[in-house]
Amino acid sequence: MKKICFFLWPILLLGCTINHPDKAKDVKQYSIEDFYKNVSIGGGSFSPDENKLLVTSNKSGIYNAYRLPLDGAAAEPLTESTSESVFAISYFPDDERFLYSSDEGGNEIDHIFMVDLDGQVQDITPWENAKSSFYRWARDGQSFFFVSNKRDPKFFDLYEMSIDDFTSELIFENNDGFDVSAISYDKNYLALTKTITTSKNELYLFNRGAAETVQISPEGADAEFNAQQFSLDGKRLYILTNLGSEFTYLSQYNIEEGTTEKILEEDWDIWYSYLSYNEKYRVVGVNKDAQTVVTITNMATGEPVKFPDFKDGSVSGVSISKSEQLMKFSLVSSKAPSNMYLFNLEEGKVKQLTNTLNPEINPDDLVSADVVRYPSFDGLDIPAVLYKPHQASSNSKVPALVWVHGGPGGQSRVGYFSLIQYLVNHGYAVLAVNNRGSSGYGKTFYRMDDQKHGDVDLKDCVYGKKYLASFDWVDNDKIGIIGGSYGGYMVMAALTFEPEEFEVGVNIFGVTNWLRTLKSIPPWWESFREALYMEMGDPTTADSVRLYNISPLFHANQVTKPLMVLQGANDPRVLQVESDEIVNAVKANNVPVNYVLFDDEGHGFVKTENEIKGYGEILRFLNKYLKEEDRTVK
């Protein structure tokens, strides 16, 4: 649950044990433009005839909707936005009209748009300052469900919209801070969750016919509950929970009997589980040591579906077509961006549909990531993902960076991120730490930073630096820290409270004043506000003293090392003023500061031209102040 608070870097890294020879290798160095010629592609809704997918891609430099044929032909644009990012949602069930979502400049106030068969666009949730999100199609395909805070900015109500005239009906009025987790196919039952803390919630069953709400999670349970879906016959509710366990497992609630039974348990968190359209297959995704492992089970036989074993690759984004004959999925590795594939479940054949790596980049010049552990100040093992540049050896030492993910409660995971590969390609080692409080390693580990932020989590980062310094191929005098959102806070905390540990810091839209941030969270986070306060502290109570003490802005006079800050002007989570003030405060120390501000971005940069400019500046900054070079960056 914590992972929804702030921006999470899109890192999906695949690792193994370290096995790098101590021998430097010369590689071609690529420009930032080269790395951002890679294409990002995601989503994937099958068309009614199941011969194409509706996907989202930034091929044009900004995210738009595309039609991706399943015969291997190139994707074709369906929208041509040049200013606002478009994120495809779904084809209509019986024709090729489609839905997409978009906001304004990254302000996160999403609307749902419909594109008709003639390409005409209609905002079908046009309410000013209201955020609307697609939920799913009704079983008969004549309507869809969505949530919106148009009635009350603090809470999301559930609506059903007819596709005949695009009028909507209120299905569930939410006045108690619930989140809708699942809707039964007969529309009679809703599964609702209510957040208690960032690691604990309650699960309820709402009977629309009887207008009755019943709590089905045990009273006072110290656990999380996440409803996945109802069975087709409406008799069972499938739930993910960590009740009585360190890790999340799959269970089912039998509605008539009011009983719960465990279905599937792993040694790691089960992230998701769903049944295909007619319940022929069950798909399960497990977060196994920072990578997602997917299994598909034939429900009639109970046997796993035979699926190729992709070396150095992680499968994600699995979706099975309505006919249950086809499955689309994405495959990502640390050396290649995510590509989309098609798996014919009847024939057992796999077809690659995209090739997203810039063909000018030789993947042999990129590096594979290694999943590692290192001891922190108290002996606790901290998981991390390590990138060693090809250029590094005991005779050719390289500078290094501690990379901190967003959150609080995020996770540096297995996959590909162009910025990391760009930095490593230019001779920087990167250690992406999963400090205590990160998700994926059990609920005890997850809670270890509660109301200890800027302390134990920061020490984990400092000991990440010590771990890097233990390698004879790292230049111990040239180790910096970089991170986004909550990771950006950790950067500023490091430069402020441990000013001699890191030589430079790169803060990407990071929190610097917790008093302001916790008071100014978006109104649609209202149901999560108290839980966030319980973890971080309540700025309206005596907790404000501790929040003041851990806020870098109020202690910025202690910053002595060069700082770079990147920020989006439309960020609703970490306001621009946070970065403005820390930049001015650090400049007052006569410390070098580089500030990059984007007028058309929010909490996370999505426009290619901005990524090129901002991330290119990061390397220039590091070359000057960490490598201590003034050479021109490619």
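A short reminder: the numbers here are calculations on the coordinates, not readings from a lab. Predicted, not measured: the structure shown is a model, and the values here were computed from it. Using ideal geometry, Cβ is built from the backbone for each residue, glycine included, and neighbour counts are taken over all protein chains shown.
For this structure, a couple of remarks:
- Residue order, fewest to most beta carbons within 10 Å, for Leu53, Leu553: Leu553, Leu53
- Paramagnetic reach from Glu324 (point 7 Å along Cα→Cβ, amide N under 14 Å) across the stretch 290-309: 297-303, 305
- Cα-based equivalent ellipsoid of the stretch 41-352: semi-axis lengths in Å, sorted from largest, via gyration tensor: 30, 27, 19
- Estimated at 0.36 nm per residue, the fully extended path between Ala74 and Phe554 surpasses their Cα-Cα distance by 167.5 nm.
- At an R0 of 25 angstrom, the distance between the Cβ atoms of Glu500 and Asp455 translates into a FRET efficiency of 0.90.
- Links that overshoot a 18 Å alpha carbon limit, given the list Lys131/Lys194; Lys25/Lys397; Lys388/Lys466: Lys131/Lys194
- Long-range amide H partners of Asp110 with built H, under 5 Å: Ser132
- A simple count of charges around Thr297, restricted to other residues whose Cβ falls under 15 Å of its Cβ and scoring Lys, Arg +1 and Asp, Glu -1, yields -2.
- Label zone of Ser133 (point 7 Å out along Cα→Cβ, amide N under 18 Å): in the stretch 170-192 this covers 171-184, 190-192.
- In terms of packing, defined here as the mean over residues of other Cβ atoms within 10 angstrom, the peptides 512-525, 425-438, 401-414, 244-257 line up highest first as 401-414, 425-438, 512-525, 244-257.
- C-alpha center-to-center spacing [the stretch 592-629, the stretch 55-114] in angstrom: 27 Å
- What the phi angles of the stretch 570-580 give under the Karplus curve with 6.51, -1.76 and 1.60, with θ = phi - 60°, is a coupling list of 9, 5, x, 9, 10, 5, 4, 4, 4, 6, 3 Hz, glycine and proline written as x.
- Full extension of the chain between Lys351 and Glu173 gives 59.6 nm of extra length, using 0.36 nm per residue less the Cα-Cα distance.
- Bridge orientation summary for the chain: considering DSSP beta bridges with both residues in this region, about 80 percent are antiparallel.
- Extension gain from Asp309 to Thr541, taking 0.36 nm per residue of separation minus the Cα-Cα distance: 78.2 nm
- Exposure proxy shown here: for Tyr277, Tyr441, the number of other Cβ atoms within 10 Å sets the order, fewest to most, as Tyr277, Tyr441.
- Placing dummy labels 7 Å off each Cα toward the beta-carbon, the span from Thr259 to Ser81 is 5.0 nm.
- For the stretch 481-521 and the stretch 233-286, distance of Cα centres in Å: 38 Å
- Residues Thr125, Thr540, arranged from fewest to most other Cβ atoms within 10 angstrom of their Cβ, appear as Thr540, Thr125.
- Part-to-part distance (alpha-carbon centres) for the stretch 522-581 and the stretch 148-209, which is given in Å: 30 Å
- Pairwise FRET efficiency - Asp49 versus Asp140, Cβ, R0 = 25 Å, nearest 0.05: 0.85
- Estimated FRET transfer efficiency (Asp152, Lys25; beta-carbon r; R0 60 Å; 0.05): 0.55
- Summed side-chain charge close to Asp457 - residues other than Asp457 whose Cβ falls under 9 Å, Lys, Arg +1, Asp, Glu -1: 0
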